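In what follows, a structure is listed as structure tokens, so that the remarks can point back to it.
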Amino acid sequence: MITKIQTKNLTVGLAVRIYTGGTFGETELKDELELFDRMFDTSESDNRLNVLIVCSTNYSAGLKTEFEATDVEGQKIVSNSAGHSIDGFHNIHEIILLNLSTPEQRAKFFAIQDEAHQKALENIIEKAQVQVDNKK
């Protein structure tokens, strides 16, 4: 018996939001979902798996509770079940939110184990935050 395996194309979108004054909440998440979903309106979806990864340094209170409710071994990630649309976004199969709110969570995500690398990462985050704040 010969089994034919269907080929799937994986598309991963990455949205990174660094905030000092504002927060990344439901409105911003919906905006990112709309942008990513729209990218695939004219493409065939049968052989495509579309995943959006969102990283933020400051989530809203509502999204922070999602992280607390689904904390798996300190990973602090939230995702929906694969294979169904997200609130009407039929071109998106999975969304993953990465909570990079604290220096400890960032160090864990980037597997940083020494103080020098931790400080370098925090300097990068701080510089990006200043650039975003200056654009306001």
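Observations on the structure shown:
- Of all residues assigned to the stretch 3-10, at least one qualifies as being polar (S, T, N, Q), at pLDDT below 90, in a strand (DSSP E or B) and touching a strand residue (DSSP E or B) at 6+ places or on another chain (Cβ under 7 Å).
- Residue in the stretch 1-17 that is under 28 Å from N58 (Cα atoms) and touching a residue at least 60 places away in the same chain (Cβ under 8 Å) present: no
- Count of the stretch 1-36 residues which are of a type in the set (D, E, K, R) and touching a Ser or Thr at 6+ places or on another chain (Cβ under 9 Å): 3
- Residue within the stretch 55-70 that is assigned to a loop (DSSP other than H, G, I, E, B), over 13 Å from the mean Cα position of the chain (by Cα), modelled with pLDDT under 75 and surrounded by 13 or more Cβ atoms within 10 Å (Cβ to Cβ) present: yes
- Against the numbered list (1) within 20 Å of K127 (Cα to Cα); (2) modelled with pLDDT of 85 or more; (3) more than 12 Å from the chain's Cα centre (by Cα), E34 comes up short only at (1).
- Output for the stretch 14-32, where each listed residue is surrounded by 13 or more Cβ atoms within 10 Å (Cβ to Cβ), touching a helix residue (DSSP H, G or I) at 6+ places or on another chain (Cβ under 9 Å) and not in a strand (DSSP E or B): I18, Y19, T20, G22, T23, G25, L29
- Residues considered: N80, N134, N91, N99. Of these, the only one that is modelled with pLDDT under 70 and either in contact with a strand residue (DSSP E or B) (Cβ under 8 Å, 6 or more places away or on another chain) or closer than 28 Å to N50 by Cα (or both) is N80.
- Cβ pairs under 8 Å, 6+ apart, first in the stretch 92-105 and more than 16 Å from L33 (Cβ to Cβ), second acidic (D, E) and in a helix (DSSP H, G or I): P103/E122
The values are calculated or read from the model by the stated rules, or taken from the named source; none is laboratory data. For clarity, every value in this text was computed on a predicted model and none was experimentally measured. We place every Cβ from the backbone using ideal geometry, glycine too, and count neighbours over all the protein chains shown.
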